[in-house]
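Report on the structure given below.
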Amino acid sequence: MKPSHPNAMPSPWFRCYQPRPQATRRLICLPHAGGSASFFRSWYLQLPVDVELIVVQYPGHEDRWAEPLIDTMDALADELAQHIRPLLDRPYLLFGHSMGAAVAYELCLRLREHNEALPQRLVVSAHEAPCRHRGGHWHLADDATLTDELVRLDETASALRSSAEMRTLFLPAIRNDYRLIETYRPHPAPRPLPLPISAFIGHADTELTQDEAEAWSAHGSAGFDLHVFFGGHFYLRHNSAVVTALVQLMGEPQPAWPCTP
């Protein structure tokens, strides 16, 4: 596949902000609850020319605002697994932040089930391992309470407090995503994924413990490492250059991992 512009993708599910037809590998990113593809937009500036950045755009977010939201993990991962196939023609890494980490893991399970190419590495950011998954109740909170929680996690969300229009525009998708991840119940995998897993966390993230992040080691059979960055749940905002440099190094020495039966 050789996209010529951000929308020239195999489906509306993906954004490519700088197409690189000659790239030898891809970095595919999955946003957090309430997040959109643009959260990762600048990352292509920090990647070498042989790496093409692809970002998942969930239905109901940004330019897909008119499409129905998906509020269950199974439905989201099933749809994504169908649409991502044209992007698996070269080695790739999956990077999921917060809710996106769980979506990336479920995607890998489905790719293995259908004998599709698995990523060279799964990078899970700011989320506990499936075996330590905790539900939640924020999707049931009123708008003011949910807004306060969003601001606590990410100060850039403070505009929601002062703008009723912004709350009307953004809270439905955010609440939907919270419902998805808080009602998610991971199914026990028959065996670990045959790939390495790296967990990234912020040192001051109150949403998970280091022990919960280290539990990801049980979900892969080809190695595990943990990397701690300065910051909270959205440590990526201030560490993108370091993160992309590390992810780039992770992709260089590893061959593509074949799917095992």
(request) Could you list, in sequence order, all residues of the stretch 40-84 that are touching a residue at least 40 places away in the same chain (Cβ under 8 Å), of a type in the set (A, V, I, L, M) and not in a loop (DSSP other than H, G, I, E, B)? (result) Val51, Ile54, Val55, Val56, Met73, Leu76, Leu80
(request) Among the residues of the stretch 190-231, count how many are within 21 Å of Val242 (Cα to Cα) and part of a strand (DSSP E or B). (result) 12
(request) Have a look at Arg90, Arg152 and point out the one that is of a type outside the set (Phe, Trp, Tyr) and more than 23 Å from His203 (Cα to Cα). (result) Arg90
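Matching residues to (1) assigned to a loop (DSSP other than H, G, I, E, B); (2) touching a His at 6+ places or on another chain (Cβ under 7 Å); (3) hydrophobic (A, V, I, L, M, F, W, C); (4) free of Cβ contacts under 8 Å to residues at least 24 places away in the same chain:
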| site | (1), (2), (3), (4) |
| --- | --- |
| Arg26 | no, no, no, no |
| Cys29 | no, no, yes, no |
| Ser38 | no, no, no, no |
| Gly100 | no, yes, no, no |
(request) Looking at (1) within 17 Å of Leu236 (Cβ to Cβ); (2) at pLDDT 95 or above, find the lone condition where Glu155 falls short. (result) (2)
(message) Pairs needed: first member in the stretch 118-146, at pLDDT below 95; second member anywhere, among the β-branched types (Val, Ile, Thr) and surrounded by fewer than 17 Cβ atoms within 10 Å (Cβ to Cβ); C-beta distance under 7 Å; at least 6 residues apart or different chains.
(response) Gly135/Thr183
(message) Checking Phe234 against (1) crowded, with 17+ Cβ neighbours inside 10 Å; (2) farther than 18 Å from Val151 by Cα; (3) at pLDDT below 95: exactly one of these is not met. Which one?
(response) (2)
(message) Looking at the stretch 41-51, can you tell me whether even one residue there is touching a Pro at 6+ places or on another chain (Cβ under 7 Å) and farther than 28 Å from Arg185 by Cα?
(response) no
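The values are calculated or read from the model by the stated rules, or taken from the named source; none is laboratory data. Source: prediction; values computed, not measured. Cβ atoms come from the backbone with ideal geometry, glycine included; neighbour counts cover every protein chain shown.
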